[in-house]
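A.B. asks: Could you have a look at this structure, given as structure tokens, before my questions?
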Ligand SMILES: Nc1ncnc2c1ncn2[C@@H]1O[C@H](COP(=O)(O)OP(=O)(O)OP(=O)(O)O)[C@@H](O)[C@H]1O
């Protein structure tokens, strides 16, 4: 479980998060929605200790500092070391050498060895994302925070990402943000909305045929910006 309690974050005089509290459960995909600029990335950076903030974050009751090796945040740019190959970047992300067989076992036909031979600077935006998805599938980290990972992926890659996330959540806390409702409707177990500097858990049950778009619009009516 990841528990955020009374997170307050400002950039200068601009208050972005105002006493944000939420609990994200292991074994479930928690999807965080919110308008552009609502503060989703800022919240993820606080959870990952990449920004200073007030309040507390605990990971299965351990403080943030203690779990850094088990926490795998992925941000939209999917930054890689540009002069290193895909294989070398994978080794750094996963924390061990990755063989072609191991990569193939988690990527199937999605990522070719030739693609990973290239320097990261020669990879497209979507291809960099695929390196990160491969790393997530290999590392199976206990805490996964993904921001806009589905953004810019082609159809086949989205199907692959869905299967990777579904497997990952079995042993992990997975929190994801992005604007692709069609995709997150298929993977989300719990839905949270970030608006007016606070997080609210929405009443959403995909197994009952609930639609994310409806949950979002209902939330927007209740909580206009
Ligand atoms: N480093 C920064 N310095 C100053 N202001 C920032 C910084 N990073 C983000 N902000 C501001 O904080 C607010 C929240 O930004 P954030 O990137 O967290 O939003 P978001 O919900 O992830 O948006 P999007 O859906 O567009 O990705 C915005 O108003 C943004 O301008």
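The values are calculated or read from the model by the stated rules, or taken from the named source; none is laboratory data. In this text, all values refer to a predicted model and were calculated from it rather than measured experimentally. Every residue, glycine as well, gets a Cβ built from its backbone with ideal geometry; the counts of neighbours run over all protein chains shown.
A.B. asks: In the stretch 141-163, is there at least one residue being closer than 23 Å to residue 50 by Cβ, assigned to a helix (DSSP H, G or I) and in contact (Cβ under 8 Å) with a residue 40 or more places away in the chain?
C.D. replies: Within the stretch 141-163, none of the residues are closer than 23 Å to residue 50 by Cβ, assigned to a helix (DSSP H, G or I) and in contact (Cβ under 8 Å) with a residue 40 or more places away in the chain.
A.B. asks: Let me ask something additional. Identify the single condition in (1) within 16 Å of the ligand (Cβ to nearest atom); (2) outside any loop (DSSP other than H, G, I, E, B) that residue 65 does not satisfy, given that it satisfies every other one.
C.D. replies: (1)
A.B. asks: Take the residues of the stretch 37-96 that are within 21 Å of residue 148 (Cβ to Cβ), without any contact (Cβ under 8 Å) to a residue 40 or more places away in the chain and buried (at least 17 other Cβ atoms within 10 Å of the Cβ): which is farthest from the chain's Cα centre (by Cα)?
C.D. replies: Looking at the filtered set, the residue picked out is 42.
A.B. asks: Report whether or not residue 158 is under 21 Å from residue 104 (Cα atoms), over 19 Å from the mean Cα position of the chain (by Cα) and surrounded by fewer than 22 Cβ atoms within 10 Å (Cβ to Cβ).
C.D. replies: Taking the combined requirement at face value, the residue does not satisfy it.
A.B. asks: Can you tell me which residues in the stretch 169-186 are away from the ligand (no atom under 16 Å from the Cβ) and either touching a strand residue (DSSP E or B) at 6+ places or on another chain (Cβ under 6 Å) or not in a helix (DSSP H, G or I) (or both)? Steps first, please.
C.D. replies: So in the stretch 169-186, the residues away from the ligand (no atom under 16 Å from the Cβ) come out as 169-174, 182, 185-186.
Passing the criteria: 169, 170, 171, 172, 173, 174.
A.B. asks: Also: Looking only at residues in the stretch 25-36 that are buried (at least 21 other Cβ atoms within 10 Å of the Cβ) and modelled with pLDDT of 95 or more, which one is nearest to the ligand (Cβ to nearest atom)?
C.D. replies: That would be 32.
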